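Trainee: A single structure is presented below for examination.
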Amino acid sequence: MTNYLIRRVGQMVLTLFLIVTLTFFLVQAQPGDYATFYSLNPDIPAEAREQIKASFGLDKPLWQQYLVHMKNTFTGNFGISFGHYPRPVLEVLAERLPRTVVLFLSATAVSFYVGFFLGKAIAWRRGGVLEYAATISGATLFTAFTPAFALMMIWIFAFKLGWLPVGKFLDPLIWRGAEVSANHVFSYMLATAAVFIVFAFLTLLAARKLGRLGAGRTPFLVIAAGAAVVPMAWAFTGVGYLALDILRHMILPIATLTLISFAGTMLLTRNSMLETMREDYVMAARAKGLPEKVVRDRHAARNALLPVITSLVYSLIFAIDGSVIIEAVFSWPGTGMTLLEAVRSEDLPLVMGSIVFIGLFSLLAHVIVDVLYVYLDPRIRYQ
């Protein structure tokens, strides 16, 4: 496994090298000179323009620009953003990337859970009302035009009912007198979520080691108690209302993404379960007299997870570039919205930096799928 991972890392570096090279020459192939974007930008002082052009080799021949660009890219120097001058591209992406990742990871996790649960249920008991209702509603939502459906969600739950905010990342009226920035509060929220995930994982791992996971609900009660402690702890920080405002702005885009994407996981789980249920080990488990729930969850559903996990991880590849539509409709200031604004304003350093991050994210997703396959299916080994 170690040798395999070393080879895959080498392949990732080579592929990333090709992505950066192709991106550089595509940008250079467009009309105009890359350096003129610096020299014509009125927001950049004259002395700063010359310094930036020299540091990125923009006053040198093309082949030297390429070498300087590759050096800067692999050292994390993507340049200065035109639209966010004088902030570096890496700083802008570091600020916007967590917002997109949290939004789409939350939506993906919820849609995966809903889709897997429904797919498992309709495959185990075919021909019922649940199968027809889930299949028809899921297929209808899955084929819906995303911008129109998102606007309809805003119109119903924000304008008509007034339950949720219209969009954006926060409410300026609530944050007007705040002594902390939104980035600080959001960072604390991420840290809280990370601690809770580690706590839940360690609780389930300890319960499994002790042999109590299947015997009772104790570990899940412990996790629920931990979840109840989180809002109580935030209430004593003095900025809990600010975190609540960010959470309220996340509900509508997460609900929209969940409704339009759960059907893919549901139908894939259903088809995979139907194939798994015909296997000999499932028939043997039933012949042993095991409860239906045990046969379904531990024998059929667990082995049906492989294609579902593959689809789940690959869907995360589009969490950055595929977020443009949702973030534009809901005015969510993530990488998708940043990439769209950068393309409109011809902020070339920010566009190139975003493309590199998208490529790196895609390569990491492929490696994660390969590693998960080994742990989900003991029959798979990489020699």
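Trainee: Please count how many residues of the range 324-339 are surrounded by fewer than 24 Cβ atoms within 10 Å (Cβ to Cβ) and under 25 Å from L18 (Cβ atoms).
Mentor: 1
Trainee: Could you check the range 271-288 and list, in sequence order, the residues that are more than 29 Å from the chain's Cα centre (by Cα) and open to solvent by 60 Å² or more (accessible area, probe 1.4 Å)?
Mentor: E275, R278, E279, D280, Y281, M283, R286, A287, K288
Trainee: If we keep just the residues of the range 175-204 that are over 25 Å from the mean Cα position of the chain (by Cα) and open to solvent by 50 Å² or more (accessible area, probe 1.4 Å), which is modelled with the lowest pLDDT?
Mentor: Looking at the filtered set, the residue picked out is G177.
Trainee: Here is a follow-up. Which of the residues belonging to the range 331-365 are closer than 15 Å to R96 by Cα and among the small types (G, A, S)?
Mentor: S331, G334, G336, A342, G353, S354
Trainee: Further, regarding this structure: Restricting the first residue to the range 1-12 and requiring it to be more than 15 Å from L363 (Cβ to Cβ), which pairs with a second residue that is of a type in the set (A, V, I, L, M) meet a Cβ separation below 9 Å and a spacing of at least six or different chains?
Mentor: Note: pairs meeting the criteria are M1/V371; M1/V374.
Trainee: I would also like to ask the following. Just a yes or no: is a residue in the range 359-370 surrounded by fewer than 18 Cβ atoms within 10 Å (Cβ to Cβ) and at pLDDT 80 or above?
Mentor: No: the range 359-370 contains no residue that is surrounded by fewer than 18 Cβ atoms within 10 Å (Cβ to Cβ) and at pLDDT 80 or above.
Trainee: Taking interchain pairs and intrachain pairs at least six residues apart, which have beta carbon atoms under 7 angstrom, with the first residue in the range 78-104 and at pLDDT below 80 and the second aromatic (F, W, Y) and surrounded by fewer than 21 Cβ atoms within 10 Å (Cβ to Cβ)?
Mentor: F82/F37
The values are calculated or read from the model by the stated rules, or taken from the named source; none is laboratory data. Keep in mind that what you see is a predicted model, and the values were worked out from it rather than measured. For neighbour counting, all protein chains shown are included, and Cβ atoms are generated from backbone atoms with ideal geometry for every residue, glycine included. Ligands, DNA and RNA are excluded from the accessible area calculation, which covers all protein heavy atoms including side chains. Shrake-Rupley method; radii C 1.70, N 1.55, O 1.52, S 1.80 Å.
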